[in-house]
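Here's the structure, in structure tokens; my notes come after.
The values are calculated or read from the model by the stated rules, or taken from the named source; none is laboratory data. Everything numeric here is computed off the predicted structure, so don't read it as measured data. Neighbour counts run over all protein chains shown; Cβ positions are idealised from the backbone, glycine included.
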Amino acid sequence: MFQLLQADFRRLAALRGREGLAFALQTVLFDNGFQAVFGYRVASALKRLGLPLLPAIVWRWTIFCTGVDVNPRARFGRGLVISHGVGLVVGADVTVGENCLLHHQVTLGAPTVGRISENPRLGHDVTVGAGAVVLGGIEVGDRAVIGAAALVIGDVPAGALALAPAARLRDAPPETERDRDVRDGAGTTGRGNSPTPPTPPTPATPATPATPPTPKQERGPG
């Protein structure tokens, strides 16, 4: 386990172009990607030892601390690097070679709950971009690159690029008078560009009717 972690750290340092004690401390204390790799390596080692409860505890604690869910039954070669990693999910029995680079929001696993035995197999030096999804019992060859947001459900040859469709540019609709008012800040409240509601008129206060004078009673003689 420690040899794998050393290889993982060396690979991260090479990608970042950093080295030294300060970088090591910063990585261990604040890099959630490396912390996720550390938690996975520990849970996987405990799983191989046949311990019944500790792997699950370390696994769940890693998810809680880093937002990265890598099943201890997944198999990664040396040199694993997780960049950022929040939202990353790797299912059981996924097999990955050496020097794999995974970005955040990546999913590697079975296509459905009913087909949990079908997991992808990735070769060496594979890079998987942010938000990519690799599903099913497929093969991804060495040095392949899975682009951001790509959905991969078929084999990828060695050295190939699997890219998602790029965003299409369209002309903006013509600007209306209300759009100009919102843009210029006129007639808005400053909360979500909502128009300022009109102030209702203040109702007139009804006049108070005059009180008639009380007639004066005259007293009779003695």
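Going by what's in this entry, would S44 be described as hydroxyl-bearing (S, T, Y) and in a loop (DSSP other than H, G, I, E, B)? Against the criterion (hydroxyl-bearing (S, T, Y) and in a loop (DSSP other than H, G, I, E, B)), S44 does not qualify.
Conditions tested, residue by residue: (1) within 23 Å of the chain's Cα centre (by Cα); (2) in contact (Cβ under 8 Å) with a residue 24 or more places away in the chain.
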{"residue": "R18", "(1), (2)": "no, no"}
{"residue": "F23", "(1), (2)": "no, no"}
{"residue": "L29", "(1), (2)": "yes, no"}
{"residue": "F34", "(1), (2)": "yes, yes"}
{"residue": "R41", "(1), (2)": "yes, yes"}
{"residue": "L54", "(1), (2)": "no, no"}
{"residue": "W59", "(1), (2)": "yes, no"}
{"residue": "T62", "(1), (2)": "yes, yes"}
{"residue": "L80", "(1), (2)": "yes, yes"}
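Starting from residues that are of a type in the set (A, V, I, L, M) and farther than 29 Å from P120 by Cβ, keep the ones in region 154-175 and report whichever is modelled with the highest pLDDT. So the residue we want is L169. If the condition is being assigned to a loop (DSSP other than H, G, I, E, B) and more than 16 Å from A130 (Cβ to Cβ), then region 62-83 contributes N71, P72, R73, A74, G77, R78, G79, L80.
Can you name the residue in region 106-116 that is in a loop (DSSP other than H, G, I, E, B) and either aliphatic (A, V, I, L, M) or closer than 12 Å to T95 by Cα (or both) and, of all such residues, is modelled with the highest pLDDT? Applying the filter and picking the extreme gives V106.
When only residues in region 176-190 that are of a type in the set (D, E, K, R) and surrounded by 10 or more Cβ atoms within 10 Å (Cβ to Cβ) count, which is modelled with the lowest pLDDT?
R183
Scanning region 84-96 for residues that are assigned to a loop (DSSP other than H, G, I, E, B) and buried (at least 20 other Cβ atoms within 10 Å of the Cβ) yields G85, L88, V94.
With respect to the conditions (1) modelled with pLDDT of 60 or more; (2) of a type outside the set (G, A, S); (3) touching an Asp or Glu at 6+ places or on another chain (Cβ under 9 Å), I146 lacks only one, and its number is (3).
So which residues in region 61-75 are in contact with a strand residue (DSSP E or B) (Cβ under 8 Å, 6 or more places away or on another chain) and polar (S, T, N, Q), if there are any at all? Correct list: T62, N71.
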